[in-house]
Amino acid sequence: MAFVHGKDTKVFFNNNDFGQYFNQIDFNRTSDVAETTAFGNSNKTYISGDKDGTLSMAGLFDATADAVLQSFLGSSTNTNVVVGLDGITDGKSVMFGAGVVTSYGQSSPVGDVVGTSIDMQSDNGFFNGLVLDNATITATGNSTSTDNSASSSNGGGAFAIATTVSGSTPVATVKIQHSTNDATFVDLVTFTNFTSAGAQISEVASGTTINRYLRVNYTISGSTPSFALIVGFGRNG
């Protein structure tokens, strides 16, 4: 049994690493239930319904972070979030998704540090998955493959974060590919080309088969391009 210490938690809102500003996070996934009890039942019966998710965070106020976080509240576009409770390096477990920031606030107790808090409601659910690759990419190529031990058959979700981008007219085409034998790979997810820092989340439809092996494929162009990229995938149960 391997326990995990909270000090290594990483939190990304879009392409920004906000872990240094927060010290508490609650990431919850839930599922509705509908009652199916009928005449003749001695005990109530239920079936599962739609899944949902919420995120709550608390931490330390900082003016630089505040300027970014406040813009998420009331935004017409979803905010992407990726949380790694044990860091965000290759093979680490992550929770991620897109959602609407529902509240953002500060607190200032006398005799203590000024605090901040943020709450998010998921839009189309949150995912649990793994980091497939966290690397600085300067040339076309593939990541090392990740072995899931078996295929899955109910779709999933993917994320890609470009934290920094440099070079002249840099372009990165980022794909997640899958394989049954760790030799022949085919495209599973293709993200919109990265030309600057940013974050994307993509869903693979429920019912889609995801083969046993996954890897990240990069096609890089431009003059002296460099992309700091984090890419991950979560399979639906």
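Just so you know, all these numbers are worked out from the coordinates, no wet-lab data involved. None of these values were measured; they are calculated from a predicted model. Positions of Cβ are generated from backbone atoms using ideal geometry, with glycine treated the same way; all protein chains shown enter the neighbour counts.
Compute and list, largest first, the equivalent-ellipsoid semi-axes of the chain from the alpha carbon gyration tensor, each √(5λ) rounded to a whole angstrom.
Largest first, the chain gives 30, 28, 16 Å.
So, by mean Cβ neighbours within 10 angstrom, what's the order for 22-32, 210-220, 196-206 with the highest one leading?
210-220, 196-206, 22-32
Lys7: which aspartates and glutamates have alpha carbons under 16 Å from its alpha carbon, excluding same-chain residues fewer than 8 sequence positions away?
Asp17, Asp26, Asp86
Using a Cα-Cα cut-off of under 26 Å, which lysines could be cross-linked to Lys175, ignoring same-chain neighbours fewer than 8 residues away?
Those lysines meeting the cut-off are Lys10, Lys92.
How much length would be gained if the chain were fully extended between Thr36 and Asp62, taking 0.36 nm per residue of separation minus their Cα-Cα distance, in nm to one decimal?
So the chain would gain 4.4 nm between Thr36 and Asp62.
What's the ranking of 54-67, 117-130 by average number of surrounding C-beta atoms within 10 Å, highest first?
Ranked by mean Cβ neighbours within 10 Å, highest first: 117-130, 54-67.
Over what distance in Å are the Cα centres of segment 171-237 and segment 1-69 separated?
That distance is 25 Å.
Could you pull the Rg and Dmax for segment 189-237, using just the Cα atoms, both in Å?
Rg and Dmax of segment 189-237, Cα atoms, are 13.4, 42 Å.
Output the peptides 167-173, 145-151 sorted from most to least packed, where packing is the average of other Cβ atoms within 10 Å over each peptide's residues.
167-173, 145-151
Normalised by the residues of the chain, what does the relative contact order come to in percent, with Cα pairs under 8 Å and at least six apart?
Across the chain, relative contact order equals 20 percent.
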